[in-house]
1. Of all residues in region 7-28, which are near ligand 1 (Cβ under 8 Å from one of its atoms) and either open to solvent by 10 Å² or more (accessible area, probe 1.4 Å) or under 21 Å from Asn176 (Cβ atoms) (or both)?
2. Within region 155-176, can one find any residue that is under 27 Å from Val86 (Cβ atoms), more than 11 Å from ligand 1 (Cβ to nearest atom), open to solvent by 80 Å² or more (accessible area, probe 1.4 Å) and among the acidic types (Asp, Glu)?
3. Condition check: in contact (Cβ under 8 Å) with a residue 12 or more places away in the chain and polar (S, T, N, Q). Does Thr159 satisfy that?
4. Looking at Glu67, Glu63, which one is away from ligand 2 (no atom under 16 Å from the Cβ), acidic (Asp, Glu), in contact (Cβ under 8 Å) with a residue 12 or more places away in the chain and part of a helix (DSSP H, G or I)?
5. For region 29-48, how many residues meet the condition of being within 20 Å of Tyr94 (Cα to Cα) and assigned to a helix (DSSP H, G or I)?
6. Six or more apart or on different chains, Cβ atoms under 6 Å: show the pairs whose first residue is in region 37-48 and within 14 Å of Leu79 (Cβ to Cβ) and away from ligand 2 (no atom under 16 Å from the Cβ) and whose second is open to solvent by 60 Å² or more (accessible area, probe 1.4 Å) and not in a loop (DSSP other than H, G, I, E, B).
7. Return the only residue of Leu40, Leu45 being at pLDDT 95 or above, open to solvent by 20 Å² or more (accessible area, probe 1.4 Å) and either within 30 Å of Asn8 (Cβ to Cβ) or within 12 Å of ligand 1 (Cβ to nearest atom) (or both).
8. Take region 66-88 and flag every residue that is of a type outside the set (Lys, Arg), touching a helix residue (DSSP H, G or I) at 6+ places or on another chain (Cβ under 9 Å) and open to solvent by 50 Å² or more (accessible area, probe 1.4 Å).
Amino acid sequence: MDSIQSRNQKGFTLWFTGLPCSGKSAVADRVAEVLKEQGLNVERLDGDIVRKDLTRDLGFSKEDRDENIRRVTFVAKLLTRNGVAVLTSFISPYRQVRARARKEIGNFIEVYVKCPVEVCIERDMKDMYKKALNGEIKEFTGVSDPYEEPINPEILLETDKETIEESTQKVIKRLNDLGYLP
Ligand SMILES: Nc1ncnc2c1ncn2[C@@H]1O[C@H](COP(=O)(O)OP(=O)(O)OP(=O)(O)O)[C@@H](O)[C@H]1O
Ligand SMILES: [Mg+2]
């Protein structure tokens, strides 16, 4: 059932960007839960899931990464303009591609999930850094492929210094300050 609150909801996209294992998915999942509890219509677009479906034909060359984000941007734009709270979590390492997403989507909130690469390497849940460091995986962001840091993100999270819960509260507070929460 549609509540009055969700019908009046102003759509936005929270765009989480950062190195592999920086904590994009972990924090975005938690923020999504909190927003759902507040009665918002929420959609998550996560790198691991999207790459198995919408963009399963793509690899990790610059060209394919750009195409991956181009398709995600298109979907996020459709959802945002229909009042959904969209949370995307993609490495999205290129500044120009994020700038394009910002322009296309409109209500765009860039969340830089900052974490030193050494800490990301310690986390390495999927053994991806290990494979990148021994050369099994090529073009791995942070090891053999560039990550261009956001210059002026709306939200900066430092996941080596704050807990998932603290990062989550930071995002919620900023959304509230920006007038996106009912
Ligand atoms: N303060 C913190 N903030 C976020 N994640 C943390 C924090 N401390 C520990 N972690 C853990 O670090 C891991 C981060 O993994 P996560 O999958 O969220 O990274 P990711 O940025 O989505 O990586 P990928 O680009 O590979 O999808 C999780 O297991 C999470 O529980
Ligand atoms: Mg992730």
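The values are calculated or read from the model by the stated rules, or taken from the named source; none is laboratory data. On a predicted model such as this, the values are computed, not experimentally measured, just so you know. Ideal geometry is used to build each Cβ from the backbone, glycine not excepted, and the neighbour counts take in all protein chains shown. Note: areas computed on protein heavy atoms with side chains; ligands, DNA, RNA excluded. Shrake-Rupley method; radii C 1.70, N 1.55, O 1.52, S 1.80 Å.
1. Restricting attention to region 7-28, the residues satisfying the condition of being near ligand 1 (Cβ under 8 Å from one of its atoms) are 16, 18-28.
Those that are near ligand 1 (Cβ under 8 Å from one of its atoms) and either open to solvent by 10 Å² or more (accessible area, probe 1.4 Å) or under 21 Å from Asn176 (Cβ atoms) (or both): Phe16, Leu19, Pro20, Cys21, Gly23, Lys24, Ser25, Ala26, Val27, Ala28.
2. The answer is no; no qualifying residue exists.
3. On the way: in contact (Cβ under 8 Å) with a residue 12 or more places away in the chain: yes; polar (S, T, N, Q): yes.
Yes.
4. Values: Glu63 fails: in contact (Cβ under 8 Å) with a residue 12 or more places away in the chain.
One residue alone meets the criteria, Glu67.
5. Step one: filter region 29-48 for residues within 20 Å of Tyr94 (Cα to Cα), giving 45-48.
Next cut, assigned to a helix (DSSP H, G or I) only: 47-48.
Here the count works out to 2.
6. Here the result reads Val42/Lys36, each pair linking region 37-48 to a residue that is open to solvent by 60 Å² or more (accessible area, probe 1.4 Å) and not in a loop (DSSP other than H, G, I, E, B).
7. Values: Leu40 fails: open to solvent by 20 Å² or more (accessible area, probe 1.4 Å).
Among Leu40, Leu45, only Leu45 is at pLDDT 95 or above, open to solvent by 20 Å² or more (accessible area, probe 1.4 Å) and either within 30 Å of Asn8 (Cβ to Cβ) or within 12 Å of ligand 1 (Cβ to nearest atom) (or both).
8. Correct list: Phe74 only.
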